[in-house]
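What follows is a short report on a single structure.
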Amino acid sequence: MMKLTEQQLSELAAELDQVKAGVISQLGDKEARYIRRMLLTQRLSAISGRVLMVLGFITPWLWVLGVALLALAKILDNMEIGHNVLHGQYDWMNDPVLHSQRFEWDIACDAGSWKRTHNFEHHTYTNIIGKDRDFGYGLLRLSNDFRWRLRNLWQFATYLVLSTLFQWGVSYHELAGERVFFGKKKPDRINSVSHSDLKKAFFGKGTRQLFKDYVFFPLIAGPMWLWVLAGNLVANIIRNLWTSTVIFCGHFTADVHTFTQQQCEGESRGHWYYRQILGSSNFTGPRWFHILTGHLSCQIEHHLFPDMPAMHYLTVAPQVEAIAKKYGIAYNSGSFLRQYATVVARIIRYSFPGGRATAV
């Protein structure tokens with residue numbers, strides 16, 4: 001990988017800024033109609049799914065269809081709507097629902113916690129070892145930048161459990177990083193929220209989610225309560241597995257790079273852009289597939305332009321790839337199955353001692 005001069009980094013920043021400005025300057029009715037259509041689709045899918053699960057007494061196939069529609073609703077809420085709205089991609093609309101300061105999504109993680117750990121920490125310090133807690137989520141060793149420990153031997157099983165319960169892992173992520181329930185907080189951590197407020201948000205949001213899916217909706221289903229409870233559980237697991245897989249394929253493929261804190265001290269905007277490209281991966285698929293990923297199939301573009309409406313990532317991706325090629329920066333993209341295979345290989349490889357360091 002060639003190193004860029006400060007002049008080249010400055011030019012890189014100017015070109016990518018221009019790509020972003022070209023989209024942002026034209027935001028309007030098209031984007032507003034799109035996200036409102038997504039919200040309507042999500043709500044109709046959720047309502048239809050819950051009704052069909054109750055009608056499962058007619059034929060189990062109605063229950064299966066209901067579970068599929070509810071899982072679709074939860075995926076859309078989590079990915080194309082929630083994740084992108086919480087990034088502020090639609091704040092310019094001043095919509096009472098689709099604004100990052102007011103939106104709350106249908107997962108166990110409190111939106112405020114997500115914005116602190118993901119929007120700020122992860123997107124600011126992407127793949128900087130010791131600064132980006134999303135790299136391995138504190139559970140998985142994914143590069144030789146981390147010391148091998150005995151627990152890494154079974155980290156593939158840990159990954160499967162994390163994926164199955166992903167909404168809860170995301171919800172607990174900030175509390176784990178702040179060591180709320182155990183040990184002493186790391187000296188370099190600065191509290192923006194008190195531990196009592198973190199615990200209140202964690203237990204409050206989690207309790208509401210559990211009550212909604214496993215108490216309220218089963219109770220109003222009457223004699224079909226067990227079918228509805230099981231359907232909600234299956235829909236949540238499907239959403240968790242899908243979300244986890246999409247995120248891992250965008251962040252932990254074979255060719256993503258990590259960075260040391262020293263390399264990023266006082267970095268320019270051009271170097272930040274450079275780091276985002278090298279620390280991310282894209283994967284290909286049909287249009288509907290990109291929507292189900294929240295357009296995080298274009299993770300490179302998302303890391304470069306997190307507040308750009310994600311529906312535009314596919315459009316700007318060829319421009320970004322051309323700019324990366326111009327400056328000799330690897331643009332990591334491949335089929336979904338290929339990228340996922342390298343994720344699995346990476347998890348297994350670093351289950352054992354050794355391995356190559358990925359810091360640039």
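The values are calculated or read from the model by the stated rules, or taken from the named source; none is laboratory data. Computed from a predicted structure; not experimentally measured. Every residue, glycine as well, gets a Cβ built from its backbone with ideal geometry; the counts of neighbours run over all protein chains shown. Note: areas computed on protein heavy atoms with side chains; ligands, DNA, RNA excluded. Shrake-Rupley method; radii C 1.70, N 1.55, O 1.52, S 1.80 Å.
Given the options LYS325, LYS30, LYS212, which has the most mean-square fluctuation in a GNM of the chain, springs set between C-alpha atoms less than 10 angstrom apart?
Sorting by GNM fluctuation, first place goes to LYS30.
Near the amide H of THR258, under 5 Å away, which other amide H atoms are found, from residues 5 or more places off or on another chain, if H is placed in the peptide plane?
Under 5 Å from the amide H of THR258: THR358, ALA359, VAL360.
What Rg and what Dmax come out for the stretch 213-360 when only alpha-carbon atoms are used, in angstroms?
19.4, 64
Which whole-number percent gives the relative contact order of the stretch 67-147, counting Cα pairs below 8 Å spaced six or more residues apart?
17
Compute the accessible area per residue over the chain, keeping the other protein chains in place, probe 1.4 Å, unit Å².
Values: 16160 Å² over 360 residues.
On a per-residue basis, the chain sits at 45 Å².
Placing unit charges on C-beta atoms (Lys and Arg positive, Asp and Glu negative, everything else neutral), compute the dipole magnitude of the chain about its Cα centre in debye, rounded to 20.
Taking the Cα centre of the chain as origin, the dipole is about 980 debye.
Return the subset of LYS20/LYS326; LYS20/LYS115; LYS131/LYS205; LYS74/LYS325; LYS131/LYS326; LYS20/LYS325 for which the Cα-Cα distance in this structure is over 28 Å, preserving the input order.
Violating the 28 Å limit, Cα to Cα: LYS74/LYS325; LYS131/LYS326.
Apply the Karplus parameterisation 6.51 cos²θ - 1.76 cosθ + 1.60, with θ equal to phi minus 60°, to every residue of the stretch 102-114 and state each ³J(HN,Hα) to the nearest whole Hz, in sequence, with x for glycine and proline.
Values, residue by residue: 10, 6, 10, 9, 8, 9, 5, 6, 5, 4, x, 5, 4 Hz.
Scanning the chain for GluC sites (Glu not before Pro) in DSSP loops with at most 16 other Cβ atoms within 10 Å, what's the longest stretch left with none?
Result, exposed sites excluded: 105-264.
Could you give the longest part of the chain that holds none of the chymotrypsin sites (Phe, Trp or Tyr not before Pro) found in DSSP loops with at most 13 neighbouring Cβ atoms within 10 Å?
In short, 1-180.
Short version: ³J(HN,Hα) in whole Hz for each residue of the stretch 295-300, in order, from phi by Karplus 6.51 cos²θ - 1.76 cosθ + 1.60 (θ = phi - 60°), x for Gly and Pro, what are they?
Values, residue by residue: 6, 7, 5, 9, 5, 4 Hz.
If you keep only loop residues by DSSP, which trypsin sites (Lys or Arg not before Pro) in the stretch 81-163 have at most 13 other Cβ atoms within 10 Å of their Cβ?
ARG102, ARG147, ARG149
Gaussian network model of the chain, Cα springs within a sub-10 Å range: biggest mean-square fluctuation belongs to which of GLN167, GLN339, GLN26?
GLN26
Which of the three applies to the stretch 1-142, rounded, prolate or oblate, going by the alpha-carbon gyration tensor with a ≥ b ≥ c and a/c under 1.5 meaning rounded?
It comes out prolate by the Cα gyration axes.
Go through (1) 68, 52, 40; (2) 74, 46, 34; (3) 54, 46, 36 and flag the label whose value is the computed Cα extents along the principal axes in Å for this structure.
(1)
List the aspartates and glutamates whose Cα lies under 16 Å from the Cα of LYS212, skipping any in the same chain that are fewer than 8 positions away.
ASP77, GLU104, ASP106, ASP110
Given a Förster distance of 25 angstrom, what is the FRET efficiency for TYR214 paired with ALA32, based on the Cβ-Cβ distance and rounded to 0.05? Don't skip to the end; give the middle numbers.
Numbers: r = 35 Å, r/R0 = 1.41.
Approximately 0.10, to the nearest 0.05.
For the chain, what does the helix formula give at 222 nm: sum of -39500 (n - 2.57) over DSSP H segments with n ≥ 4, over the residue count, nearest 500 deg cm²/dmol?
Counting only the DSSP helices, I get -16500 deg cm²/dmol.
For the stretch 1-68, give the percent of accessible area contributed by carbon and sulfur heavy atoms, probe 1.4 Å, rounded to a whole number.
63
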